[in-house]
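*Asks:* After the structure tokens below, expect a handful of questions from me.
The values are calculated or read from the model by the stated rules, or taken from the named source; none is laboratory data. Keep in mind it's a predicted model, so treat the numbers as computed, not measured. As a convention, Cβ positions derive from the backbone with ideal geometry for all residues, glycine included, and neighbour counts pool all protein chains shown.
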Ligand code: ADP
Ligand code: MG
């Protein structure tokens, strides 16, 4: 069996770099596989083009007749690029993407009139076999059918020989069965709310678009080595394996050059991204060995979310060409850093202003402060919900594991802005004197741009940090679909802006305050109310956990505990009020996420039990037998004196027996715990059992298996070791 490991090692060490040309002018191919504005102009009638444009810009509905023309143009464009199939591309609630390919090709029933067909109805709506996608009971209660509907705000694209049409996935009765539909509704909610507030500062603002720039971290492992590990293949992470002597302590990977095999993979990937219109910009090594990061230029949130999902797909496919496997898991290896997906978020107006970027005039800075403080207030009100939005079995390994943001949500804003808020806190109540106004304008609000220029202190331990002209939500997991966190963040800020506007308007009408006075008054109260959420210190420290508890901040370290906030009355009201999700839709997601949690831990438990018993124990026994033979031989030669020469061997023989017994007992106990968990009445109880009764066995079993790895002859050990996985490139 050890031969699999050694064959994999041989294959990995014999790899040659798959050379890929660096394209000097990426702009020339950018978006050439996307049905973007340019190709729409070329392939659509002007009426059809206008209809799509208006749907994108203003959310208007597209007439069925025009849909036929759009489909025709899209088909001609696609066929001219060698496309044979089309698919409705969507994001079911499992976090991945789904597609079912249909050929353009059609014939009459008797096989005559072969033709490539694609009409408006195929473009606009499809009915995939929905029964296999999770629905959290929505379809059981209402109707069994689900359908996908075209989302014109995200352009169709070609992948391979397939035309992919981004769609939402909804039940027959209109409930969202995917991640995209609620996101689109949240984007509408924040557009409306933020536009209303932005109008205080500029009457010409008609639309506010949330922007997202994600940073994707990942590990690259040689494909043969990955295939030699049943745990990596089935769970995306290593369930056991002794930490290698060398890890990330020298930081030589982070600061070193990108290995050439990897660089060629990155080039190939970037070329694919360019064709697909994904504007990737940066690539670099990350902290852990064989860990890397890639980030694009930020985009409108819906498109950015689609691009991240698509990218994760493309990354895996391109990796195959280079004999790599991409590990997106948040914690694929013990003892070295895990992976996250920072979500950089801001708000942009159709007048070209970043609302989280200070401007040149006191008024534009007051606008900045308004959106800045309202975001802090939103996070402060809904920190628990924000934590819930990033909860998953795999992200639990990261949050609170002293290397990634803690499970406590707090906001970092830097010293200078902290000082600005302190000064604003002293603003008088009610009407402001002319002197106070002047002082505020000149000395507080007016100084912000200068202040931010040298705002260089960045706190890497903060889960939600202001970084100059955007907030960076760092606690998002590397496997996550950004849609869930973005739906929540945009919803809570939308709700907050609606409340803010109501308060400001009330002060203007009832107290007869001027607009800026009213704004200062409301912001001042927010500053007082949000002190608990602001934290500038070390988020990894124990002291912060204690302090956060005193401040009343939540600290949910596990998914079942964290998810609960999703179905709180406060959360249900929020999503319902904003028309983002009905109570049914929220409950459905809660159930699905608990189910997914249970399935993940269940699979990990099974795989761990399997490799512990079928790889580790037999290997240990094999080595123990060698030792026993050795001891027998020594006894033959030395007779009664053998014990002095066989002393160490005997100790190891006993140690091995001890570890084998411990593994066996604990695997049995874990199986019993799984049975008990499966027998629970509700999915909630099952999830808690898996979390607190099943999962603890993982560490115990791993401990004994890893000890055996240290004892057993390297030549017979079957599982590819950490040093091999992490340092082969
Ligand atoms: P880092 O956080 O690694 O130091 P940067 O701060 O330069 O890097 O930017 C990180 C990410 O932030 C990039 O992906 C970029 O596209 C994104 N970003 C920059 N400005 C905005 C914005 N206004 N809205 C959303 N994302 C943004
Ligand atoms: Mg960052």
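*Asks:* When you scan the range 399-407, do you find a residue that is under 32 Å from the mean Cα position of the chain (by Cα), crowded, with 18+ Cβ neighbours inside 10 Å and assigned to a helix (DSSP H, G or I), even just one?
*Replies:* No, the range 399-407 has no match at all.
Condition check ((1) in contact with a helix residue (DSSP H, G or I) (Cβ under 8 Å, 6 or more places away or on another chain); (2) away from ligand 1 (no atom under 16 Å from the Cβ)) across all residues:
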site: 247; (1), (2): yes, yes
site: 260; (1), (2): no, yes
site: 268; (1), (2): yes, yes
site: 296; (1), (2): yes, no
site: 304; (1), (2): yes, no
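*Asks:* If residue 183 satisfies every condition in (1) within 16 Å of ligand 2 (Cβ to nearest atom); (2) not assigned by TED's automatic domain parsing to the domain that holds residue 353 but one, which is the exception?
*Replies:* Going through (1) within 16 Å of ligand 2 (Cβ to nearest atom); (2) not assigned by TED's automatic domain parsing to the domain that holds residue 353 one by one, residue 183 breaks only (1).
*Asks:* Considering the range 331-366 alone, what residues qualify as being within 16 Å of ligand 2 (Cβ to nearest atom) and in a loop (DSSP other than H, G, I, E, B)?
*Replies:* The answer is 337, 338, 339, 356.
*Asks:* Scan the range 424-432 and give yes if some residue there is assigned to a helix (DSSP H, G or I), more than 29 Å from the chain's Cα centre (by Cα) and either crowded, with 19+ Cβ neighbours inside 10 Å or away from ligand 1 (no atom under 16 Å from the Cβ) (or both), otherwise no.
*Replies:* Yes, the range 424-432 contains at least one residue that is assigned to a helix (DSSP H, G or I), more than 29 Å from the chain's Cα centre (by Cα) and either crowded, with 19+ Cβ neighbours inside 10 Å or away from ligand 1 (no atom under 16 Å from the Cβ) (or both).
*Asks:* Related question: Of all residues in the range 289-311, how many are within 16 Å of ligand 2 (Cβ to nearest atom) and either part of a loop (DSSP other than H, G, I, E, B) or closer than 30 Å to residue 244 by Cβ (or both)?
*Replies:* Residues that pass the stated criteria total 7.
*Asks:* Okay, moving on. Do any helices (runs of 4 or more DSSP H) lying entirely in the range 607-683 carry at least 1 residues that are buried (at least 20 other Cβ atoms within 10 Å of the Cβ) and within 48 Å of the chain's Cα centre (by Cα), and which ones are they?
*Replies:* So the answer is 617-638, 647-678.
*Asks:* Go through (1) more than 16 Å from ligand 1 (Cβ to nearest atom); (2) in a loop (DSSP other than H, G, I, E, B); (3) crowded, with 20+ Cβ neighbours inside 10 Å one by one and return the number of the condition residue 440 breaks.
*Replies:* (2)
*Asks:* Still on this structure, I have one more. Inspect all residues belonging to the range 577-584 and state whether any of them is modelled with pLDDT under 95, closer than 23 Å to residue 179 by Cα and assigned to a helix (DSSP H, G or I).
*Replies:* Yes, the range 577-584 contains a residue that is modelled with pLDDT under 95, closer than 23 Å to residue 179 by Cα and assigned to a helix (DSSP H, G or I).
The rows are residues; the columns are (1) modelled with pLDDT under 95; (2) under 22 Å from residue 395 (Cα atoms); (3) within 16 Å of ligand 2 (Cβ to nearest atom).
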{"site": "225", "(1), (2), (3)": "no, no, no"}
{"site": "240", "(1), (2), (3)": "no, yes, no"}
{"site": "249", "(1), (2), (3)": "yes, no, no"}
{"site": "252", "(1), (2), (3)": "yes, no, no"}
{"site": "257", "(1), (2), (3)": "yes, no, no"}
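*Asks:* If I go through the range 247-282 residue by residue, how many of them are assigned to a loop (DSSP other than H, G, I, E, B), in contact with a strand residue (DSSP E or B) (Cβ under 7 Å, 6 or more places away or on another chain) and closer than 17 Å to residue 221 by Cα?
*Replies:* 1
*Asks:* Then there is this: Looking at the range 340-348, is at least one residue more than 12 Å from ligand 1 (Cβ to nearest atom), assigned by TED's automatic domain parsing to the domain that holds residue 218 and in contact (Cβ under 8 Å) with a residue 12 or more places away in the chain?
*Replies:* no
*Asks:* When you scan the range 472-490, how many residues do you find that are buried (at least 24 other Cβ atoms within 10 Å of the Cβ), away from ligand 2 (no atom under 16 Å from the Cβ) and not in a helix (DSSP H, G or I)?
*Replies:* Matching residues across the range 472-490 total 1.
*Asks:* Among 211, 195, 301, which is the only one that is closer than 30 Å to residue 501 by Cβ, over 19 Å from the mean Cα position of the chain (by Cα) and either modelled with pLDDT of 95 or more or buried (at least 20 other Cβ atoms within 10 Å of the Cβ) (or both)?
*Replies:* When all the criteria are applied, what remains is 195.
*Asks:* Residue under question is residue 469, and the condition is that it be surrounded by 17 or more Cβ atoms within 10 Å (Cβ to Cβ), assigned to a loop (DSSP other than H, G, I, E, B) and either within 16 Å of ligand 1 (Cβ to nearest atom) or modelled with pLDDT under 90 (or both); does it hold?
*Replies:* Taking the combined requirement at face value, the residue does not satisfy it.
*Asks:* Starting from the range 211-225, take each residue that is over 17 Å from residue 474 (Cβ atoms) and not assigned by TED's automatic domain parsing to the domain that holds residue 265 and list its partners that are part of a helix (DSSP H, G or I) and within 11 Å of ligand 1 (Cβ to nearest atom), counting only C-beta distances under 8 angstrom and pairs at least six apart or across chains.
*Replies:* Filtered contacts from the range 211-225: no entries.
*Asks:* So which of 326, 314, 318 is away from ligand 1 (no atom under 13 Å from the Cβ), in a strand (DSSP E or B) and on the phi < 0 side of the Ramachandran plot?
*Replies:* Of the residues listed, the single one that is away from ligand 1 (no atom under 13 Å from the Cβ), in a strand (DSSP E or B) and on the phi < 0 side of the Ramachandran plot is 326.
*Asks:* Can you find a residue in the range 546-559 that is buried (at least 19 other Cβ atoms within 10 Å of the Cβ), within 30 Å of residue 173 (Cβ to Cβ) and modelled with pLDDT of 95 or more?
*Replies:* The answer is yes; a qualifying residue exists.
*Asks:* Right, next: Against the definition (away from ligand 2 (no atom under 16 Å from the Cβ), touching a helix residue (DSSP H, G or I) at 6+ places or on another chain (Cβ under 6 Å) and part of a helix (DSSP H, G or I)), how does residue 191 come out, yes or no?
*Replies:* no
*Asks:* In the range 283-294, what residues are over 14 Å from residue 342 (Cα atoms) and either within 16 Å of ligand 1 (Cβ to nearest atom) or touching a strand residue (DSSP E or B) at 6+ places or on another chain (Cβ under 6 Å) (or both)?
*Replies:* 283, 284, 285, 287, 290, 291
*Asks:* Among the numbered criteria (1) over 30 Å from residue 686 (Cα atoms); (2) assigned to a helix (DSSP H, G or I); (3) touching a residue at least 12 places away in the same chain (Cβ under 8 Å), which single criterion is violated by residue 536?
*Replies:* Of the numbered conditions (1) over 30 Å from residue 686 (Cα atoms); (2) assigned to a helix (DSSP H, G or I); (3) touching a residue at least 12 places away in the same chain (Cβ under 8 Å), the odd one out for residue 536 is (2).
*Asks:* Also: Can you find a residue in the range 209-223 that is part of a helix (DSSP H, G or I) and touching a helix residue (DSSP H, G or I) at 6+ places or on another chain (Cβ under 8 Å)?
*Replies:* Looking for residues that are part of a helix (DSSP H, G or I) and touching a helix residue (DSSP H, G or I) at 6+ places or on another chain (Cβ under 8 Å), one finds at least one in the range 209-223, hence yes.
*Asks:* Scan (1) under 18 Å from residue 186 (Cβ atoms); (2) away from ligand 1 (no atom under 16 Å from the Cβ); (3) surrounded by 23 or more Cβ atoms within 10 Å (Cβ to Cβ) for the single condition residue 498 breaks and write down its number.
*Replies:* So residue 498 meets the others, but not (3).
*Asks:* Out of curiosity, is residue 529 more than 32 Å from the chain's Cα centre (by Cα) and either exposed (fewer than 15 other Cβ atoms within 10 Å of the Cβ) or more than 26 Å from residue 330 (Cβ to Cβ) (or both)?
*Replies:* Taking the combined requirement at face value, the residue does not satisfy it.
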